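The values are calculated or read from the model by the stated rules, or taken from the named source; none is laboratory data. Given the structure is predicted, the values throughout are model-derived calculations rather than measurements. FYI the Cβ positions are ideal-geometry reconstructions off the backbone, even for glycines, and counts take in every protein chain you see.
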Amino acid sequence: MSETIYVSDSTPSIETILVIDDDPDILALLEMSLTSDGFNVITANEGPLGLQNAKAEQPDLILLDVMMPQMDGLEVIKRLKDDTDTRAIPVLWLTAKSQTEDKLKGLEFGGDDYITKPFDLREVTARINAVLGRTRPVKYINPLINAMGDSFSEEGVAELGSHLQAAAEIQLKLLPEKPPTFDGYDFATYFRSSTSVSGDFYDFIPLSDKQLGIVLGDVKGHGIPAALLMVMIQTASRLLSNEEDSPATVLKRINTLLFHNTDIEQFATMVYGILELETGKFTYSNGGHCPPIHFIQKTDNSDKTLQNNSKVHLLETGGMLIGVFDIATFSYETCTISPGDVLILYTDGVTETEGRKPNDFFGEERLIDCLSNKLKLSADSICNDLQKTLFEHSGTTQLKDDRAVVVIKRNDA
Amino acid sequence: MQVNLRHNDNVIILDIEGNLVGPNTIALKNIIDNLIRKADGAPVFLILNLERVQMMDSSGLGVIVAAYASIRRDMGRIVLLNIGGNIRSLIIMAKLVTIFDRYDTEAEALASFQNT
């Protein structure tokens, strides 16, 4: 005996557009065009059905025709804005050229932009992306807007938005402004957040003239909860790295801190390592994080040989993800970054970048292939090229997950 | 994502189809939370059949880890069935192989509950 207890067709990571128009040809055209642009499209040929869909499917954006029999667009938008479940969804008007009056009236009623018929399909996509670009950062506070219920107001949302902006700024300031400079090394970083605040982080902690602590991690989830936890972990790692000599002990203590102070579902993965600047020795511990990749130029006893004679070593030694099990234990390993070697630390937002085809994730193998051809470049160029490659893979600058990358290159002697 | 629920004696089997990523995972969390709530303190014996899950991310891992913790608290047990490429490597990467019992066939997974 089996019973289906949950079904959801739509893939939530794809943005959904609801098109409400009484003209079946326009519906078919937009559906075809927007689907090929990677959107999930729902259509409704009349206002009441559109309202129903908007409530049930919570689209990311609504394309709304002004002139419709039964219930016209102005009535539809009025009802959308009256309902706490749908009021935050951006609306893009579809209007005939002759209806300039309606346009203005429409915007007054809360539409975000308008497109005049006949329209250029590329323009539709561009307008949609422009509106989504503005509303994307707000989207994940929608549950909060709903929770605000009747006390929801434009001012309330504006205030929330400004708090969020302030949080994002504080968070960015917590990250090192620029990578450190040390003779013999070339550092570069790349950081992008899919929402205004992020769960990814990295840090450089000067421990002495000769030692640099390097941290990179990823707090589960996005948005404010992840960002708060990230700040806690970053602060803890700054303090503990000065108290403890062993990266394994630092992770163990952060694990204990998180285990006792957060919910079981809140956890992080992170790598902490100490770089001895004179010798290039890097002693690290990896708490359940995707392993940093060490490209070794001079071949010796390592894991895997690449076409261009370098080898890679994956920095896997450590322990479980951080903050879930108080029994977690951590170990450490020391490797040597020799002249010409490159070490890259990254978060899974890089390898989980999805390609144009669903489920075609960038993956560790492609990352290694892509980087192994760039080892001669400066750390900055390696970062930039990686960014470009990821963009080519996904075909979009829109991120589904945060990304943080630290590249450490030891210059040739 | 689709979730089917089956019973085999006192063992509950959840067959999951689709990707366990991002906001998608909340549904699974609610389902498991409900099962635990319904059990009302009695141990829950759960098999998560992940044969038809191609992709899991850290949110998915979070749900499974939380389920593990809540189920263990009530002296129940959760095992994973048929974990594929990405999920296997995620669990290995997170060093959770020592925490989760994993089986390749349903018969083995069910048999494992006979001994507890």
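Before moving on, here are some points about what is shown:
- Qualifying positions in segment B:94-116 - among the charged types (D, E, K, R) and more than 14 Å from chain A (Cβ to nearest Cβ): B:101, B:102, B:104, B:108
- Test: residue in segment A:133-142 that is modelled with pLDDT under 80, out of contact with any Cys (no Cβ under 8 Å at 6 or more places or on another chain) and more than 26 Å from residue A:82 (Cβ to Cβ): yes
- Residue in segment A:106-114 that is assigned to a helix (DSSP H, G or I), modelled with pLDDT under 80, crowded, with 16+ Cβ neighbours inside 10 Å and in the same structural domain as residue A:51 (by TED's automatic domain parsing) present: yes
- With respect to (1) under 12 Å from the mean Cα position of the chain (by Cα); (2) closer than 17 Å to residue B:11 by Cα, the lone exception for residue B:74 is condition (1).
- Filter result for the condition that a residue is over 30 Å from residue B:49 (Cα atoms), within 26 Å of the chain's Cα centre (by Cα) and in the same structural domain as residue A:121 (by TED's automatic domain parsing), over A:62, A:20, A:26: A:62
- Take the conditions (1) assigned to a loop (DSSP other than H, G, I, E, B); (2) surrounded by fewer than 19 Cβ atoms within 10 Å (Cβ to Cβ); residue A:324 misses just one of them, which is (2).
- Comparison of B:91, B:64, B:87 shows that the only residue that is more than 11 Å from the chain's Cα centre (by Cα), within 11 Å of chain A (Cβ to nearest Cβ) and surrounded by 14 or more Cβ atoms within 10 Å (Cβ to Cβ) is B:91.
- Considering the conditions (1) under 22 Å from the mean Cα position of the chain (by Cα); (2) closer than 30 Å to residue B:84 by Cβ, residue A:330 is excluded by exactly one of them, (1).
- Looking at A:250, A:219, A:215, just one residue is modelled with pLDDT under 95 and touching a strand residue (DSSP E or B) at 6+ places or on another chain (Cβ under 6 Å), and that residue is A:219.
- Top-ranked residue of segment A:389-410 - restricted to ones that are in contact with a Cys (Cβ under 8 Å, 6 or more places away or on another chain) and assigned to a strand (DSSP E or B), ranked as nearest to the other protein chains (Cβ to nearest Cβ): A:405
- Residue satisfying condition, being closer than 17 Å to residue A:310 by Cβ and surrounded by fewer than 16 Cβ atoms within 10 Å (Cβ to Cβ), within set A:372, A:378, A:331: A:378
- Boolean, residue B:4 is within 11 Å of chain A (Cβ to nearest Cβ), surrounded by fewer than 23 Cβ atoms within 10 Å (Cβ to Cβ) and either on the phi > 0 side of the Ramachandran plot or in a strand (DSSP E or B) (or both): yes
- Selected residue [in the same structural domain as residue A:209 (by TED's automatic domain parsing), buried (at least 24 other Cβ atoms within 10 Å of the Cβ), touching a residue at least 24 places away in the same chain (Cβ under 8 Å) and of a type in the set (Ser, Thr, Tyr)] from A:269, A:279: A:269
- Selection of segment A:269-297 for residues being over 14 Å from residue A:205 (Cα atoms) and within 24 Å of the chain's Cα centre (by Cα) yields A:269, A:270, A:286, A:287, A:288, A:289, A:290, A:291, A:292, A:293.
- Residue count, segment B:8-23 (criterion: facing chain A (nearest Cβ under 7 Å) and either without any contact (Cβ under 8 Å) to a residue 24 or more places away in the chain or surrounded by fewer than 16 Cβ atoms within 10 Å (Cβ to Cβ) (or both)): 1
Results for (1) buried (at least 16 other Cβ atoms within 10 Å of the Cβ); (2) modelled with pLDDT of 95 or more; (3) within 23 Å of residue B:30 (Cα to Cα); (4) within 14 Å of another protein chain (Cβ to nearest Cβ), shown as yes or no for each residue.
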{"position": "A:4", "(1), (2), (3), (4)": "no, no, yes, yes"}
{"position": "A:16", "(1), (2), (3), (4)": "yes, no, no, yes"}
{"position": "A:23", "(1), (2), (3), (4)": "no, no, no, no"}
{"position": "A:32", "(1), (2), (3), (4)": "no, no, no, no"}
{"position": "A:42", "(1), (2), (3), (4)": "yes, no, no, no"}
{"position": "A:48", "(1), (2), (3), (4)": "no, no, no, no"}
{"position": "A:60", "(1), (2), (3), (4)": "yes, no, no, yes"}
{"position": "A:65", "(1), (2), (3), (4)": "yes, no, no, no"}
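- Check on residue A:364, touching a residue at least 12 places away in the same chain (Cβ under 8 Å) and part of a helix (DSSP H, G or I): yes
- Of all the criteria given as (1) of a type in the set (Val, Ile, Thr); (2) in a helix (DSSP H, G or I); (3) within 12 Å of another protein chain (Cβ to nearest Cβ), the one not satisfied by residue A:271 is (2).
- Within segment A:219-266, the set of residues being more than 20 Å from residue B:64 (Cα to Cα) and not in a helix (DSSP H, G or I) comprises A:244, A:245, A:246.
- Where helices (runs of 4 or more DSSP H) sit wholly within segment B:31-116, those with at least 1 residues that are closer than 29 Å to residue A:402 by Cβ and in contact (Cβ under 8 Å) with a residue 24 or more places away in the chain occupy B:58-73, B:85-93.
- Selection count, segment A:144-188, where residues are modelled with pLDDT of 80 or more, outside any loop (DSSP other than H, G, I, E, B) and among the hydroxyl-bearing types (Ser, Thr, Tyr): 1
- Exclusive hit being within 26 Å of residue A:167 (Cβ to Cβ) and within 12 Å of chain B (Cβ to nearest Cβ), set A:259, A:204: A:259
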